[in-house]
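The structure appears below as structure tokens.
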Amino acid sequence: MSRIGNKPVPIAKGVQVEITRQTIKVSGQKGNLSWTVPEPITAAVVDNQVVVKRPNNVSQTRALHGLSRALIANMVKGVSEGYEKKLEVYGTGYSANVQGQTLMLSCGYMGRGVGKKAQFEIPIPAGLEVKVETPAARGNTEPAKFTVSGADKQAVGQFAAEIRKIRKPEPYLGKGIRYAGEHVRRKAGKVFAAGAA
């Protein structure tokens with residue numbers, strides 16, 4: 001990781017970086033982020049680049065060096081370009097809509113014999129945005145589609161993972177929530193032999 005740490009982080013156009021002791025604040029058109037650099041790692045702005053340094057070659061310090069540089073690079077990219085995760089919802093009657101700061105998911109029914117629709121109201125965290133491209137799924141072939149986006153890479157990934165966990169794709173019909181492009185291994189359904197006793 002130390003080789004990654006040695007690479008300076010270029011500051012994109014329109015991005016402001018402010019470093020006070022161990023706290024780094026990054027702001028841009030997509031938002032504002034701040035993070036505390038773990039000691040003994042230090043960061044400084046030199047020639048429109050963020051330079052991350054370590055005081056020694058202890059293995060833990062080298063690991064923190066690379067990690068710090070990677071996280072700072074993610075912050076700079078996040079406030080300038082942003083991050084996004086695309087999700088798809090498969091299943092008859094499955095849908096996704098946004099009402100204010102709440103994601104409304106309809107994922108079929110609660111279970112056998114219950115007869116109640118599975119409706120989920122998920123608060124959208126501050127700093128994140130959910131945009132619905134296709135609100136309703138058509139069977140198991142044409143999914144409902146929406147995108148989670150924001151400046152914080154970790155927050156975008158975490159929220160997308162929490163949404164997917166609500167109804168993971170099942171292996172027989174493929175119904176459920178999955179990432180765009182995610183391959184779901186399918187199983188063959190049970191086959192009953194004709195004329196079996």
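For the reader, a short list of remarks on this structure follows.
- Choice from N140, N97, N74 with maximal GNM fluctuation in the chain (Cα, 10 Å cutoff): N140
- Per residue of the chain, the DSSP helices (runs of n ≥ 4 H) give a summed -39500 (n - 2.57) that works out to -6500 deg cm²/dmol at 222 nm.
- With the simple model of a label 7 Å out from the Cα in the direction of the Cβ, T92 to V46 spans 6.5 nm.
- For region 82-97, backbone phi angles converted through the Karplus equation (6.51, -1.76, 1.60; θ = phi - 60°) give residue-by-residue couplings of x, 10, 8, 10, 9, 10, 10, 10, 9, x, 5, x, 7, 8, 9, 9 Hz, Gly and Pro being listed as x.
- The residue among A96, I166, I41 whose Cα reaches farthest toward the positive pole of the charge dipole of the chain, with charges on the beta-carbon of Lys, Arg, Asp and Glu, is I166.
- Rg and Dmax of region 83-179, Cα atoms only, in Å: 13.0, 43
- Rounded to the nearest 20, the Cβ-based charge dipole of the chain about its Cα centre (Lys and Arg +1, Asp and Glu -1) stands at 680 debye.
- Angstrom value of the Kirkwood radius, inverse mean 1/r, which spans all Cα pairs in the chain: 19.6 Å
- Angle between the chain longest axis and helix 153-166 axis [Cα atoms, degrees, rounded to 10]: 20 degrees
- Across the chain, C-alpha contacts under 8 Å between residues 6 or more apart give a mean separation that, scaled by the residue count, equals a relative contact order of 19 percent.
- Relative packing of 157-169, 10-22, which averages over residues the other C-beta atoms within 10 Å, highest first: 157-169, 10-22
- Between the listed residues V50, G176, P10, the Cα displaced farthest toward the positive end of the dipole of the chain, a dipole computed from Cβ unit charges relative to the Cα centre, is found at G176.
- Gaussian network model of the chain, springs between alpha carbon atoms under 10 Å - residue of E182, E88, E129 with greatest fluctuation: E182
- Axis of helix 59-80 versus longest Cα principal axis of the chain: the two differ by about 70°, to the nearest ten degrees.
- Rounded FRET efficiency, nearest 0.05, which uses the C-beta distance separating Y179 from M104 and R0 of 30 Å: 0.90
Coordinate-derived values only; no laboratory data. Fair warning: this is a prediction, and the values are worked out from it, not measured in the lab. Every residue, glycine among them, receives a Cβ derived from its backbone with ideal geometry; neighbour counts consider all protein chains shown.
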